[in-house]
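Student: I have a structure here, written as structure tokens, and I will follow up with some questions on it.
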Amino acid sequence: MIHKEGYITILIVVLVLVVINILYYHFFSEHKWPGYILQAASVFLLVLVLQFFRNPDRKVVENEFVVLSPADGEIVAIEEVQEDEYFKDKRFQVSIFMSVWNVHSNRWPISGKVTYFKYHEGKYLLAAHPKSSSENEHTSIAVKNDNGFEIMFRQIAGFVARRIVAHTSEGDSAKQGDQFGFIKFGSRVDMFFPIGTKIRVKNGDKVYGGLNIIADVPKNQ
């Protein structure tokens, strides 16, 4: 299954590759080997784009006592930080790096109400860069469940990523595991938890959106 965000991009890639190959064989048909290389490169590029926009069907099991991963990728940071945009206090930050090989659709980590949403223009530093969380183009989204447990997460553009899609706004309902957005090409998602939250992952872990548990929801919430 291909994500709808990829339809136009895939169409453009196909048209460009077709035109390039037609022009090559029209003007340089006597050069066979470069033509074979061009064909192979065209197929590789198309396969790369198709796999990037793949959107596998996943059976997500809702669980109000855990926070599920909002994205596919690798855990690259777990640390205590000062979060000054929304909470304005100390938080546990968990960062997920998404390479071009990962599925890039994003899913709600918990169910509840969207209490905060803001899009920020910015730079395009490498997604693994520590300053990318605050300086790169990103969206910040906070969700609070029915028991008052609230988290924030950021969709962050990377060096390659140039478009962030988030189909939500303040006041909307979030359903754990449902897709809410997409980040085109390499990127990152940061999550911010209350201090004391039990984090269930470690650096280097591979996680999958809607399937892996990132943290427990505190019992006293």
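The values are calculated or read from the model by the stated rules, or taken from the named source; none is laboratory data. Since this is a predicted model, take the numbers as computed values, not measurements. Quick reminder, even Gly has a Cβ in these numbers, built from the backbone with ideal geometry, and neighbours come from all protein chains shown. Keep in mind that these areas ignore ligands, DNA and RNA; they rest on the heavy atoms of the full protein, side chains included. Shrake-Rupley method; radii C 1.70, N 1.55, O 1.52, S 1.80 Å.
Student: Considering only residues that are at pLDDT 65 or above, over 30 Å from PHE65 (Cα atoms) and not small (Gly, Ala, Ser), which ones fall in the stretch 114-134? Give the steps one after another, and end with the answer.
Tutor: Applying the first criterion (at pLDDT 65 or above) to the stretch 114-134 yields 114-122.
Within this subset, residues satisfying the condition of being over 30 Å from PHE65 (Cα atoms) are 120-122.
Across the stretch 114-134, the qualifying residues are HIS120, GLU121.
Residue-wise test of (1) under 31 Å from the mean Cα position of the chain (by Cα); (2) of a type outside the set (D, E, K, R); (3) within 19 Å of ARG154 (Cα to Cα); (4) in a loop (DSSP other than H, G, I, E, B).
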| residue | (1), (2), (3), (4) |
| --- | --- |
| LEU15 | yes, yes, no, no |
| SER29 | no, yes, no, yes |
| GLY35 | no, yes, no, no |
| PHE44 | yes, yes, no, no |
| LEU48 | yes, yes, no, no |
| GLN51 | yes, yes, no, no |
| PRO70 | yes, yes, yes, yes |
| VAL76 | yes, yes, yes, no |
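Student: Could you list, in sequence order, the residues of the stretch 78-104 that are in contact with an Asp or Glu (Cβ under 8 Å, 6 or more places away or on another chain) and not in a loop (DSSP other than H, G, I, E, B)?
Tutor: GLN82, GLU83, ASP89, LYS90, ARG91, PHE92, GLN93, VAL94, SER95, ILE96, PHE97, MET98
Student: Scan the stretch 1-22 and report the pairs whose first residue is farther than 26 Å from ARG58 by Cβ and open to solvent by 60 Å² or more (accessible area, probe 1.4 Å) and whose second residue is modelled with pLDDT of 90 or more and not small (Gly, Ala, Ser), with Cβ atoms within less than 9 Å and a gap of 6+ or a chain change.
Tutor: From residues that are farther than 26 Å from ARG58 by Cβ and open to solvent by 60 Å² or more (accessible area, probe 1.4 Å), the pairs are ILE20/LEU38.
Student: Pairs under 7 Å by beta carbon, first residue farther than 27 Å from LEU45 by Cα and touching a residue at least 24 places away in the same chain (Cβ under 8 Å) in the stretch 167-192, partner assigned to a loop (DSSP other than H, G, I, E, B) and among the small types (Gly, Ala, Ser), six or more apart or different chains?
Tutor: From the stretch 167-192, the pairs are ALA174/SER111; LYS175/SER111; GLN176/SER111; GLY177/GLY210.
Student: Can you tell me how many residues within the stretch 89-119 are closer than 20 Å to ASN63 by Cβ and either open to solvent by 20 Å² or more (accessible area, probe 1.4 Å) or touching a Ser or Thr at 6+ places or on another chain (Cβ under 8 Å) (or both)?
Tutor: Looking only at that region, the number is 8.
Student: Restricting attention to the stretch 169-188, which residues are at negative phi, part of a loop (DSSP other than H, G, I, E, B) and buried (at least 18 other Cβ atoms within 10 Å of the Cβ)?
Tutor: GLN176, LYS184, GLY186
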